[in-house]
Amino acid sequence: MLLDNYALKLLNQGQTTVNNYLLQNYHQIGVSNEALLVYLLIKGNHDLIVPMPEIGDLQQQTGFSEQKLFNLFHQMIEKKLAAITQIDVEGQKVDAYDFSQMYEKLGLLKSQEQDTQQQDDKPIGVNQRQAVFESIEKEFGRTLSPIEMETISQWLDIDHYTPEIIQMALKEAVLSQVYNLKYMDRILSNWEKKNLKSSQQVEAYRRKRKASESEPPARYSGPKIPFINLSGKPEDNQ
């Protein structure tokens, strides 16, 4: 089926290419939905250095007020996602936005993800594995079965739980006086759901939970509630 004239006109307007990693992770580097929309509208065929747009055009495209647009650009500069610079356009100096910092933050995020992945993929040494087995056997007061050893190996090799995290789950199980791997597995799964991947994160979570449990219940500070005297005895008006 041939494209009609309207479709051809749309294609002739040009296309904007966007980095997929930016679309997938812009929130993690501090870019809001509205700021991303503005960036996509002004970037055109640019990426890093973008000439300052006409605010009136952006108002029509976004429906945002002039003040809101200024605030969005100011926030991006404050968050070190953009900077103001100048470029040559047909022999004249014009103001522009430099988004190099935004892509630097994106590159740093990618690097951190790769470091984490490499750490997760690092094989557990024989001594570390044996130390985990021995710690659990000591606390359980018995020898582990082959199936239990396989479960622990899956924690280390497939789930990528660190030996330190497993030791902390063991401590939780012992404090609760529950000496089985199923209980430990529930603890580990719960921490994973909360994105607690290091012993420091687990310890911080424990402290926060303990602090919330130790807080006294809030006293009622609303209006005095009248009660109906069903006893027939006169009330004490002290």
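The values are calculated or read from the model by the stated rules, or taken from the named source; none is laboratory data. All values reported here derive from a predicted model rather than from experimental measurement. Reconstructed Cβ throughout: ideal geometry from the backbone, glycine too, with neighbour counts over all protein chains shown.
Numbers for the structure displayed
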quantity: Pairs with Cβ under 7 Å, 6+ apart, first in region 180-194 and closer than 13 Å to T151 by Cβ, second not in a helix (DSSP H, G or I); calculated: L188/Y161
quantity: Members of region 176-210 that are part of a helix (DSSP H, G or I), over 24 Å from the mean Cα position of the chain (by Cα) and more than 21 Å from A131 (Cα to Cα); calculated: none
quantity: Per-region count, region 73-90, residues of a type in the set (A, V, I, L, M, F, W, C) and either outside the structural domain of P53 (by TED's automatic domain parsing) or in contact (Cβ under 8 Å) with a residue 40 or more places away in the chain (or both); calculated: 2
quantity: Helices (runs of 4 or more DSSP H) (entirely within region 72-175) containing at least 2 residues that are over 33 Å from the mean Cα position of the chain (by Cα); calculated: 126-140, 146-157
quantity: Residues (part of a helix (DSSP H, G or I), of a type outside the set (K, R) and under 14 Å from L37 (Cα atoms)) located in region 58-69; calculated: L58, Q59, Q60, Q61, T62, L69
quantity: In region 19-35, the residues that are free of Cβ contacts under 8 Å to residues at least 12 places away in the same chain and under 20 Å from Q67 (Cα atoms); calculated: N33
quantity: Residue satisfying condition, being loosely packed, with under 11 Cβ neighbours inside 10 Å and basic (K, R), within set K193, K105; calculated: K193
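Rundown of residues vs (1) in contact with an Asp or Glu (Cβ under 7 Å, 6 or more places away or on another chain); (2) surrounded by fewer than 17 Cβ atoms within 10 Å (Cβ to Cβ); (3) closer than 26 Å to N25 by Cα, yes/no style:
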{"position": "L69", "(1), (2), (3)": "no, no, yes"}
{"position": "I84", "(1), (2), (3)": "yes, yes, yes"}
{"position": "G91", "(1), (2), (3)": "no, yes, no"}
{"position": "E137", "(1), (2), (3)": "no, yes, no"}
{"position": "L156", "(1), (2), (3)": "no, no, no"}
